[in-house]
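One structure is given below, encoded as structure tokens.
The values are calculated or read from the model by the stated rules, or taken from the named source; none is laboratory data. No experiment lies behind these values; they were computed from the predicted model shown. With ideal geometry, Cβ positions are generated from the backbone for all residues, glycine too; neighbour counts draw on all protein chains shown.
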Amino acid sequence: MSENPNAGLPRKAQVQFDCTGTITGKMRNELSVEMVKPFAEGPFEMATDEGPFHGGDASAPPPLAFFVAGLTGCIMTQIRAFAKRLGVTLTDLSVDTRVVWDWQATGRTYETAPNSFEIDISIDSSDPEADVIALIETAKKGCFLEQTLGVSNTINHRMKTANGWKAV
């Protein structure tokens, strides 16, 4: 490939997505997600809901379904995009992802913790196995969600009060 797919883009940039959620049903949430950096895409409208366990109507996928779908779609997208850039032939691609969390009742609520993330990648390619492995390794480094899960993160929460935003 002679053309540089990164031409015209900065060497480094931040990628930022913003999401606004509002409640619309028993447990249903309407979400508007938009990429705002390094360029605008969206907004993308979606909804989440819970089943009867949490008092919902199961009118939309639960948030965890979007999480697992996002992880699966992210690695698939990177494999397909980078196959073109690295000159690796893809005749077929399928990915099976399993995410397991531990769940523990704590009085009237519960606590969770990640247990395992497993991604099985099936690639049909006429190229040497070493090239396909290099493609997967490169895609892993380019998958935003996989890179997020692979490091310790700090998640900041704020609550709106009469006096402004308060860290919680």
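General remarks:
- Members of region 150-163 that are surrounded by 10 or more Cβ atoms within 10 Å (Cβ to Cβ) and at pLDDT below 95: G150
- If the condition is being surrounded by fewer than 17 Cβ atoms within 10 Å (Cβ to Cβ) and under 22 Å from V68 (Cα atoms), then region 122-135 contributes only S122.
- Residue in region 115-153 that is nearest to Q14 (Cα to Cα), counting only those that are in a strand (DSSP E or B) and of a type in the set (G, A, S): S116
- Looking across L71, L86, L93, one residue alone is in contact with a Lys or Arg (Cβ under 9 Å, 6 or more places away or on another chain), in the same structural domain as G142 (by TED's automatic domain parsing) and modelled with pLDDT of 95 or more. It is L93.
- Test: K166 is closer than 26 Å to Q16 by Cα and exposed (fewer than 10 other Cβ atoms within 10 Å of the Cβ): no
- Yes/no for E41 being at pLDDT 90 or above, of a type in the set (D, E, K, R), within 20 Å of P61 (Cα to Cα) and surrounded by 10 or more Cβ atoms within 10 Å (Cβ to Cβ): no
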